[in-house]
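The values are calculated or read from the model by the stated rules, or taken from the named source; none is laboratory data. Bear in mind that the values here come from a model prediction, so they are computed numbers and not experimental data. Here the Cβ positions follow ideal geometry from the backbone for every residue, glycine too, while neighbour counts run over all protein chains shown. Note: accessible area is taken over every heavy atom of the protein model, side chains too, but ligands, DNA and RNA are not part of it. Shrake-Rupley method; radii C 1.70, N 1.55, O 1.52, S 1.80 Å.
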Amino acid sequence: MKKKILLPIFATFMIFSGVGMGSNNTAQAASVSELTATASKYIGVPYVYGGTTASGLDCSGFTQLVFKQLGFDLNRTAASQYKQGSAVSKSDLQPGDLVFFNTTGKVASHVGISLGGNKFVHAGTSTGVTEASLNSSYWAKRYNGAKRVASFGESNKVVAAVSSVEKEEVKDSAIDFTIYASRGEVAIQLAKTLGLNTSDTNSPFSDIKSSSKYAGAATALYKLGVFTGDEGKFNPASPLTRAQMAKVLVKAFDLKMKQDTLKFTDVPTSHWAHNDISILASNGITVGKGDGTFGTNDNVMLKHLTAFINRLQ
């Protein structure tokens with residue numbers, strides 16, 4: 001991906017990766033969904049002090065890695081990242097803003113990435129990479145400001161999941177089956193496949209109003225225990241990882257283990273989704289990515305979702 005230039009504090013002096021600031025300081029931005037998808041695929045990666053790779057990350061290593069994959073350069077430490085970008089108020093936070101915390105007596109000893117609203121994703125010392133709320137009792141009293149180092153466009157990479165028949169019908173359209181399926185659209189597709197009654201739109205999730213197109217499906221799947229939400233929210237626009245999808249499919253279709261033949265190198269017995277991925281594999285629903293891995297932290301694409309559901313029918 002072509003490098004994108006960060007919004008500078010002092011545009012006339014800052015140069016990143018040998019690319020000078022242009023007079024208008026603009027570049028093509030990644031979409032919000034690209035940001036969310038990139039950050040979310042590292043959820044579950046353990047915290048490692050000084051870590052900068054997917055095998056282990058510290059807080060600033062995580063933010064640096066995510067932004068690098070989106071084509072932006074960030075400084076290495078939380079303190080140095082705090083010196084980048086432009087300050088924004090908490091009430092004006094947008095997805096992609098860096099949020100900073102005082103956890104050790106320093107102004108910016110911890111950093112995460114805003115997902116919009118009160119949600120942010122970060123590499124916590126006790127949790128690894130995870131989502132959290134700025135309003136939680138722990139983070140609220142340690143919050144110490146935010147910086148906007150890049151602006152992200154509207155989401156245009158997460159679209160409705162469609163059936164294989166619909167895929168054939170729209171093969172010449174603008175729909176790209178290499179893009180991600182959102183949690184909301186996964187819910188709609190599963191509800192249709194399972195033949196669930198979606199007339200009850202009294203959603204149990206605070207971020208899905210009864211008028212939302214996802215309300216009926218999300219409510220029906222909640223009743224089955226397939227989707228239980230996170231801190232009362234469904235996060236309908238967020239993607240699912242392949243590991244999360246395994247858990248959802250096993251629960252939705254009440255799958256049982258046949259013969260455990262799982263040999264994916266990235267799914268040790270200690271992995272939280274080992275059993276669910278084993279069940280999918282034993283039922284012939286997945287054969288992995290073809291390189292000996294399952295791709296636990298990869299986000300589910302439309303083509304993956306369609307393939308999984310077709311095999312389950």
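Mean separation of Cα pairs under 8 Å and 6+ residues apart, divided by the residue count of segment 206-313: what relative contact order is that in percent? Before the final figure, lay out each step's value.
Values: 116 pairs, mean separation 27.6, N = 108.
About 26 percent, as a whole number.
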To the nearest 10 square angstrom, what accessible area does D73 show with a 1.4 Å probe?
40
Per-residue accessible area for Y222 at 1.4 Å probe radius, Å² rounded to 10?
100
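Which entries of K41/K119; K209/K251; K41/K213 show an alpha-carbon separation above 21 angstrom in the structure shown? If you can, show how the numbers build up before the last one.
Values: K41/K119 16 Å; K209/K251 25 Å; K41/K213 26 Å.
Exceeds cut-off: K209/K251; K41/K213.
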HN-Hα J in Hz across segment 283-299 - Karplus 6.51, -1.76, 1.60, θ = phi - 60°, x for Gly and Pro:
9, x, 7, 9, 10, x, 9, x, 10, x, 10, 9, x, 4, 9, 6, 6
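Find the accessible area per residue for segment 194-310; the probe is 1.4 Å, ligands and nucleic acids are left out, and the unit is Å².
On the way: 5660 Å² over 117 residues.
Spelled out: the 1.4 Å probe surface of segment 194-310, per residue, equals 48 Å².
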Heavy atoms of the protein only, probe of 1.4 Å, neighbouring chains included. What is the accessible area of F62 in Å², nearest 10?
0
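Could you give the length gained on full extension between A87 and S55, defined as 0.36 nm per residue of separation minus the Cα-Cα distance, in nm? Write out the running numbers ahead of the final one.
Values: separation 32, 0.36 × 32 = 11.52 nm, distance 3.14 nm.
Extending this stretch completely gives an extra 8.4 nm.
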Per DSSP, loop trypsin sites (Lys or Arg not before Pro) in segment 187-230 with at most 11 further Cβ within 10 Å
K209
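Assuming 0.36 nm per residue, please report the length gained on full extension of the stretch S210 to S136 beyond their Cα-Cα distance. Don't jump to the answer; show the numbers that get you there.
Values: separation 74, 0.36 × 74 = 26.64 nm, distance 2.61 nm.
Extending this stretch completely gives an extra 24.0 nm.
Taking R0 as 30 Å, what FRET efficiency do you get between T127 and K251 from their Cβ-Cβ distance, rounded to the nearest 0.05? Write out the running numbers ahead of the final one.
Details: r = 23 Å, r/R0 = 0.78.
Efficiency, rounded to the nearest 0.05: 0.80.
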On full extension of the chain, what length is gained from N197 through T228, given 0.36 nm per residue of separation minus the C-alpha to C-alpha distance?
9.4 nm
